[in-house]
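**Q** Got a structure for you, written out below as structure tokens; questions coming shortly.
The values are calculated or read from the model by the stated rules, or taken from the named source; none is laboratory data. Since the model is a prediction, treat every value here as computed from it, not as a measurement. Glycine gets a Cβ as well: all are built from the backbone with ideal geometry, and neighbour counts include every protein chain shown. Surface areas here come from the heavy atoms of the whole protein model, side chains and all, with no ligands, DNA or RNA. Shrake-Rupley method; radii C 1.70, N 1.55, O 1.52, S 1.80 Å.
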Amino acid sequence: MLDLFVLPELEESGGHSLCPKMPPTLAGPSQTDTSLVSFRHMVQTFKHLHQNGRFRPSNCQAHQRLAVIIPFRNRKSHLLLLLYNLIPFLSRQQADVTFFVIEQLPGDIFNKGALLNIGYLEALKLGQFDCFIFHDVDLVPLNDKNLYRCGDNPRHFSVAINKFSYSLAYKGNFGGVVGLSTKQYSEVNGNSNLYIGWGGEDDDLLERVTNKGYFISRYTAELSKYDMVNHTRDKGNEPNPFRVKLLELARVRQEVDGLNSIQNSIHYNRTIKDMALFTLITVDIDNDR
Ligand code: UDH
């Protein structure tokens, strides 16, 4: 049955004209809304928006079709908080957005790079997207002028996180929340599938992006503020001892490790479920294929 699950067809403009480049509905700086909500409450709250996690403006056509890809395991409270804040944030941005939560089942070590690749590949089987936003579950944006859109170069959105005193964690940081057009992500061959456990996959992606001649776009720190939810290190995502060695050969591996090799480098089964606010892709990964 699962393979019959397809997102509702994208009607093109539906007679609407393009939304303004700068949405008039933006509010600027905000604080994280920490109200404790359930999924049921959220589905009620946002019921005027579309099904299957697809939201779009009612009176104009968005500039881009966004897929937000959220890597996930055992962080339900973070996911609730993120969606409760991100849905209104993106509505104010007049975004056309579909959320995909890519959940790795317990068992093997967390493999964030592979989850992002699976999210990208599965999303494109279900719908058409111009722009992919890869979004850690624990980062809540604090200024809706931080426009979630793709451009000529990949964009790093989460520049100024409270945990790092609202400045870049380190020069060359390309983790947390990043956006690449569908074409850019394909061109860089996605993420590496080989970073098993915490660390390194984001630095590897930066190598891939710069190796293809792109540079990283960033808005100002003022616009790019985020709250990171406090958490301890997750079981099953311990630091990867091989991450530095892997990174040294990032550019050498780029053409043979990524979107084009996922079937060969890991073994995975996936199931897909419509959760109303988002599409849940559950993945059982065996890293030692
Ligand atoms: N993630 C999960 N579940 C996991 C591991 C990772 O959902 O078990 C996802 C989630 O989207 C998270 C992202 O992967 O936001 C990145 O993982 P992370 O939050 O562990 O990475 P980060 O570098 O934190 O943000 C590292 C551990 C910090 C320990 C701090 C102790 N003081």
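**Q** Being touching a helix residue (DSSP H, G or I) at 6+ places or on another chain (Cβ under 8 Å) and open to solvent by less than 60 Å² (accessible area, probe 1.4 Å) is the filter here; which residues of the range 266-286 pass it?
**A** Selection gives Ile266, Tyr268, Arg270, Ile272, Ala276, Leu277, Phe278, Thr279, Ile281, Val283, Ile285.
**Q** Sort out which residues of the range 99-119 are assigned to a helix (DSSP H, G or I) and farther than 30 Å from Phe46 by Cα, and write them in order of number.
**A** Gly113, Ala114, listed by residue number.
**Q** Take the range 58-76 and flag every residue that is more than 11 Å from the ligand (Cβ to nearest atom), open to solvent by 20 Å² or more (accessible area, probe 1.4 Å) and touching a residue at least 40 places away in the same chain (Cβ under 8 Å).
**A** Hits for the range 58-76 are Asn59, Gln61, His63, Gln64, Arg65.
**Q** May I ask you to verify whether Lys171 is among the basic types (Lys, Arg), more than 16 Å from the ligand (Cβ to nearest atom) and open to solvent by 10 Å² or more (accessible area, probe 1.4 Å)?
**A** So Lys171 passes the test.
**Q** So which of Asn143, Asn162 is open to solvent by less than 20 Å² (accessible area, probe 1.4 Å) and farther than 21 Å from Asn74 by Cα?
**A** Asn143
**Q** In the range 199-254, which residue that is of a type in the set (Gly, Ala, Ser) and within 11 Å of the ligand (Cβ to nearest atom) is surrounded by the most Cβ atoms within 10 Å (Cβ to Cβ)?
**A** Filtering the range 199-254 for residues that are of a type in the set (Gly, Ala, Ser) and within 11 Å of the ligand (Cβ to nearest atom), the one surrounded by the most Cβ atoms within 10 Å (Cβ to Cβ) comes out as Gly200.
**Q** In the list Ile285, Ile281, which residue meets the criterion of being hydrophobic (A, V, I, L, M, F, W, C), at pLDDT 95 or above and part of a strand (DSSP E or B)?
**A** Within the list Ile285, Ile281, the selection yields Ile281.
**Q** In the range 79-137, what count of residues is obtained for those that are open to solvent by 10 Å² or more (accessible area, probe 1.4 Å), of a type in the set (Asp, Glu) and away from the ligand (no atom under 15 Å from the Cβ)?
**A** Number satisfying all stated conditions: 2.
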